[in-house]
Every structure is written in C-alpha cells, then in structure tokens.
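The values are calculated or read from the model by the stated rules, or taken from the named source; none is laboratory data. Remember, it's a predicted structure, so these values are computed and weren't measured experimentally. A quick note on method: Cβ atoms are made from the backbone with ideal geometry, for glycine too, and the neighbour counts reach across all protein chains shown.
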Number of protein chains: 2
Amino acid sequence: MDTIVICSGGLDSVSLAHRVAGEGRLLSLLSFDYGQRHVKEVEFAALCAQRLGVAHKVLDIRAIGEGLSGSALTDDIDVPDGHYEEASMQLTVVPNRNAIMLSIAFGMAVAVRAKRVAAAVHGGDHFIYPDCRPGFIHAFQVMQNHALEGYADVTLYVPYVEGSKADIVVDGARNGTPFEQTWSCYKGGAVHCGRCGTCVERREAFDLAGIKDPTDYADDTFWHEAIAGGREG
Amino acid sequence: MDTIVICSGGLDSVSLAHRVAGEGRLLSLLSFDYGQRHVKEVEFAALCAQRLGVAHKVLDIRAIGEGLSGSALTDDIDVPDGHYEEASMQLTVVPNRNAIMLSIAFGMAVAVRAKRVAAAVHGGDHFIYPDCRPGFIHAFQVMQNHALEGYADVTLYVPYVEGSKADIVVDGARNGTPFEQTWSCYKGGAVHCGRCGTCVERREAFDLAGIKDPTDYADDTFWHEAIAGGREG
C-alpha cells in the first residue's frame, strides 16, 4: 500500500484506483478542488475511497484556480457542446494544471512516505494537452528526481499514458469498476448531459470498447449524431 | 514588463525584485502563504510591490501546507537555533516546495501572458535543498517546456543560482534594495531574533559582502560566536 491515486471521480481515475487496488498497492485517493464546475465528480471520488477502504484527501486549491483565470472550467464562459476539438478543449485547460497537481501530489507522497503517485493521463488527450504527453510525463519524473534527490524516491505511475479512453474502459471493467459511480459531465446536472465534450467522449469510449455504458444521459442520442454518425457517414 | 517575481519578502527575493525592476521588466510580485510561521515576510513583499509600483498577488496555499505536514515551518516543531546544518535545515523543508510554487507561478505566467518567472534560489542552498540546485532548475525548465508546448513560452529566471547569499547582498545594494525592509527570521518576533538559522545566515552574508547590515537583531552577537568565531578560531 504505497500508491496515492490522483482521483477526480471521473471514469479514468476511478478505473485507475480500482486497478491499483487490484495490485494491492492503493494507499489513498487525492482529489483537487480547484473551483471547477463539476465538483460533483469529487463525491464520486469519495464513494470510490469508501468502496475501496482507503483514505480520501480533498485539497482545496481554489485560491490557485482564481489566480489562474481564463478557463471555461472555472470562469463564466459557456462550456462548449460536442466532441473535443482543439478550440473547445483549450477553453477547458487550467494553465499548467497537471504540473501543479502532480507537484502537490509528489509533496504529499514525500510527507506520507508513499512510493508512487498514480495519474490517469491517457493518449486521447495527447493531441490537445501537452501536459498529458509521454514527453511531459518523462520530463516531470526527471524534474522530481532532481527535486527530491537524497530525500525520497517517488515514481509517477501512468499506466494509461499510451492507451485510449476505450482502453481504460476495458481495464476498468477488468478490475470491477462500477462505471455508474463515476462522473464525466462538465455541466454538473442531475444526470450526465450527453452533449458536452466529456459526455460525448465517454459514450464513444464505451462504444469503441464494446462494453455496455451504464450511464444515464439526459440526451442519449447526441453522441451518435456527433461522432458515430460522422464516423459511419 | 514581462516578469513575475516570486517574492517572500525576504532579503533574497526582494533584492531580486529590485534587480528585475532595474532591468525594466518587473510585471508583478507573487507571494505564497503556505502556513509558514514567518508570515511577517509577506508584509515586506507587499511593501516592496508598493515601492516598485507593481501588483502583488498573495496566493493562499495553506490547504496544501496542511496536507504536507512534517515541516518545522508549518508544524509545532521548535525552530532550531544556529547556522544552517543538514539536520536542522531538513526540518525547515516543506516537501517539494519549489516544484509546487514554481509550477503555480508558471500557470499564473501563462494566465497573464508573462514571459518570465524569477526565483531567488541561490548557491548557499545547494548542499541541503536539492530543489535549489542547477540540475533541478534545468529539469524544471525542460518539464515546463513540455507542459506548455504550443501554448506559451515561459522562462525560469534564476540569476542567483550560482551565487552565494553574500553575492545577493552585493547585487541588492547595487540595485538600491532597502535591506531593512526585508525579513529573514524564522521566529517572527518584533525584530529579527539573531539566533535562528536564517538570521545567522543573513548576518554572515552582509559580513562576507563587506556591506553594513542595517538589520535590528534581538541578539546581535550570537552570529559572531556561532560563525565568525568558529571561522576565525
């Protein structure tokens, strides 16, 4: 039990928590409240921790989110509908978010003597998010090796970094992840909207994985028009 | 005016702010409140910003400090007296502090379109703090280049990284830094205690620089017994 999993409560990071628990190495879950709209996610992270019998720490970094304005996730910009595309995805980036969250998680790992920090970055985000690419992940580890030299050895564990979101669905299913207890929607309603970028991406991942999507979507056909229709047409 | 200076209000970072102002590139000062005891420092950072006519942002990251317990700066451990030595300095380290603060500063630089983040790391800290060494600084820049690829170019500016604290005193004097308006003491009394690690280091730096120390110390002779006496004896 030596691994802290950064867990937003989304499909990817809850699947990762179940994977690490399956390895017998899950120490705790760490969530960040950075003023994002979909705080609902964090409730699913708490449920995940409860289910897996580990501690759950929520770090309030809203002051940082306020300092780093200009993002659709934290400001009063409309969340764009449809599949992730470059323009709309840039809106959802909090500047330097992964470097910030990973650095904090590494600090916590040192404090509690954990050996690994696990993060659910995946290949589907490479095109738009430079801080999800293998080059960043490698450089981050090198930076941390310097920062902690002589004090601690902490490894960044990113088993999905070369995979797709569909691969995560397959892995999550293999590890018994209850997908209905994960949250993706950027709009934070009672159920998943089915129309925002993450809902469309989620629905598509289940489709590509060939695994039944247990999610309740307010609009259950939009993804098909937006993605599958386009792909087949 | 394209440079954010990370400024604690201490001698090093206030000297750095005056240096960057002298270059005509000072955009703003950024301070972190991470629950350290010497919050008094931050008041001197505010004074510095006022004096140099720039904005001053204080980011409250106390929630992170609470998450990363185990440090003399934030916990109920006695601050050790005397010159910095390995054992006592380790107590004053917040795990991964520089990686965390620099990552946040880079995020802010992206948000406000600044081109440089300046930090007052110096050679006197290399022996104990791995996250002040040139190897860390280089690796951090490489990591950030990956993280921000295609979005922004931000450079980490660390003009003191190869210098000593005495070199900073010389540079600060050259740039008209009012040293009496900087704070070093870890104990946070009405005046500098003159006995803690940073007070001794501060007093010694002025001595080595051959510049009069305008600081009011509660104990003005301790440094000499602890350091100069030892050096001369």
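Table: residues versus (1) under 25 Å from residue A:127 (Cα atoms); (2) basic (Lys, Arg).
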| residue | (1), (2) |
| --- | --- |
| A:141 | yes, no |
| A:149 | no, no |
| A:154 | no, no |
| A:176 | no, no |
| A:194 | yes, no |
| A:200 | yes, no |
| A:212 | no, yes |
(message) Going by what's in this entry, would residue A:153 be described as away from chain B (no Cβ under 14 Å) and of a type in the set (D, E, K, R)?
(response) no
(request) Determine whether region A:192-200 contains at least one residue that is in a loop (DSSP other than H, G, I, E, B) and in contact with a Cys (Cβ under 7 Å, 6 or more places away or on another chain). (result) yes
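Answer with yes or no whether residue A:187 is over 30 Å from residue B:136 (Cα atoms), modelled with pLDDT under 95, crowded, with 16+ Cβ neighbours inside 10 Å and not hydrophobic (A, V, I, L, M, F, W, C).
Yes.
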(message) One residue is enough: does region A:127-146 have a residue meeting the conditions more than 14 Å from chain B (Cβ to nearest Cβ) and over 25 Å from residue B:156 (Cα atoms)?
(response) no
(request) Return the pairs, sorted by first residue and then second, in which the second residue is at pLDDT 95 or above and assigned to a helix (DSSP H, G or I), the first residue lies in region B:42-63 and is more than 14 Å from chain A (Cβ to nearest Cβ) and at negative phi, the beta carbons are less than 6 Å apart, and the residues are 6+ apart or on different chains. (result) B:44/B:181; B:47/B:181; B:48/B:14; B:48/B:17; B:52/B:21
(request) Please state which of the following conditions residue B:215 fails to meet, knowing it meets all the rest: (1) over 28 Å from residue B:106 (Cα atoms); (2) in contact with a Lys or Arg (Cβ under 6 Å, 6 or more places away or on another chain); (3) not charged (D, E, K, R). (result) (2)
(request) Would you point out the residue of region B:100-140, among those that are touching a strand residue (DSSP E or B) at 6+ places or on another chain (Cβ under 9 Å) and either among the charged types (D, E, K, R) or on the phi > 0 side of the Ramachandran plot (or both), that is surrounded by the most Cβ atoms within 10 Å (Cβ to Cβ)? (result) B:116
(request) Give the number of residues within region B:159-184 that are touching a Pro at 6+ places or on another chain (Cβ under 6 Å) and buried (at least 18 other Cβ atoms within 10 Å of the Cβ). (result) 2
